Amino acid sequence: MESISAKYRNVFIEAMKHTRIPETVTDDNVFQPANPEILPFIDRIVGDNLLPGSGIRHFENLLELHREAREGKACLLLLEHYSNADLPAFHYLLRHHGPEGEQLAQAVVAVAGIKLNEDNPLIRTIVEAYSRLVIYPSRSMEIIRSHLTDPKELFLEMMKSRSINHAAMKELDVLKRSGRILLVFPAGTRFRPWDPGTKKGVREIDSYLKSFDRMVLVSINGNILRINPEDPQMHVDLVCPDKVVYDASPVLDCREFRERVKHAAHFNDDKKQAVVDAVMKRLDEMHEAVERDRLKA
């Protein structure tokens with residue numbers, strides 16, 4: 001397998017000529033609309049590597065969510081997360097469902113961590129093809145805390161994280177009532193088989209469910225861009241042609257889901273974590289069901 005930066009070097013050289021977004025994220029640019037000039041380049045990479053049989057199961061559930069978003073409901077997509085190709089492949093397959101899929105893809109705004117903008121120009125070019133709301137994730141702050149020894153530098157980074165997240169929440173309030181659908185990866189990071197903790201959902205997902213009306217869970221089977229076990233930097237992820245299948249749950253009521261989980265939780269349980277654990281459990285069950293079907297085929 002070859003790294004994405006090596007195999008598609010010439011594609012990225014051309015794509016980078018069309019980039020617009022600044023390298024640094026501030027509270028003035030946390031919402032970053034898609035750059036349509038970049039999309040054809042990323043589509044080429046995705047199209048090269050999706051094998052026959054790739055697609056979206058129960059697409060009608062996504063259409064129902066989009067209908068509710070257009071009617072003014074705050075709507076959420078919660079996806080499993082295996083690679084930086086999860087959003088590009090999902091977006092690509094949505095648009096292959098005709099005009100309705102095109103409209104749905106245009107409505108999606110992905111909640112994205114700040115490192116996708118600031119760590120590497122190649123990764124920044126990929127994500128620029130899609131509309132995003134940039135946040136400073138708690139996982140990233142934990143990493144910063146463990147590396148910064150200068151109290152002043154740590155203080156400035158903490159202030160940056162608070163400023164960005166405050167601005168992102170203000171944008172979120174506007175987006176969720178304007179017919180857009182917010183896409184969030186509840187694990188907050190890509191799954192690494194050698195690190196089971198990367199499969200655990202983050203507590204902040206409970207806050208999303210609390211402030212949204214409807215949601216659809218989406219499992220992912222297959223992966224065209226795999227983490228390099230020898231180098232976790234995203235620009236050296238390994239390209240691997242694969243059959244990728246997304247499966248969409250029925251539309252769920254966020255309040256009912258939260259209340260049902262919290263009611264079943266024990267007295268001393270972390271109820272916020274229990275909610276996201278229930279989300280991850282449901283996604284696991286969906287993933288396994290698709291895998292069983294694949295093995296039978």
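Every read-out reported here was derived from the displayed coordinates using simple, explicitly stated rules and does not represent laboratory data. Predicted model only: the values in this text are computed from it and were never measured. When we count neighbours, we look across all protein chains shown, and the Cβ atoms used for this are built from the backbone with ideal geometry, even at glycine.
Assorted remarks:
- Positive minus negative residues near L217 (Lys, Arg vs Asp, Glu; Cβ under 10 Å): -2
- Structure-derived Kirkwood radius over Cα pairs in Å: which label, when the choices are [x] 19.8; [y] 18.8; [z] 20.6: [x]
- For the cross-link pairs K17/K152; K243/K296; K115/K243; K73/K170; K115/K152, the ones whose C-alpha atoms lie over 25 Å apart are K17/K152; K115/K243.
- Candidates L122, L182, L154: whichever shows maximal mean-square fluctuation once the chain is modelled as a Gaussian network with Cα springs under 10 Å: L154
- Sum of side-chain charges, P229 neighbourhood, beta-carbon under 14 Å (Lys, Arg +1; Asp, Glu -1): -1
- Going from the fewest other Cβ atoms within 10 Å to the most, the residues I21, I56 appear in the order I21, I56.
- For the chain, the Cβ-based charge dipole about the Cα centre amounts to some 420 debye (Lys, Arg positive; Asp, Glu negative; other atoms uncharged).
- Beta bridges assigned by DSSP with both partners in the chain are antiparallel in approximately 40 percent of cases.
- Helix-only CD estimate at 222 nm, as mean residue ellipticity for the chain, using -39500 (n - 2.57) per DSSP H run (n ≥ 4): -14500 deg cm²/dmol
- Span-rule helices in the chain, defined as complete DSSP H runs reaching 18 Å or more along the axis (Cα) with Kyte mean at least -1.0: 151-175, 271-296
- For the range 8-21, the Karplus equation 6.51 cos²θ - 1.76 cosθ + 1.60, evaluated at θ = phi - 60°, returns couplings of 10, 4, 5, 5, 5, 4, 5, 4, 5, 5, 10, 5, 10, 6 Hz by residue, with Gly and Pro reported as x.
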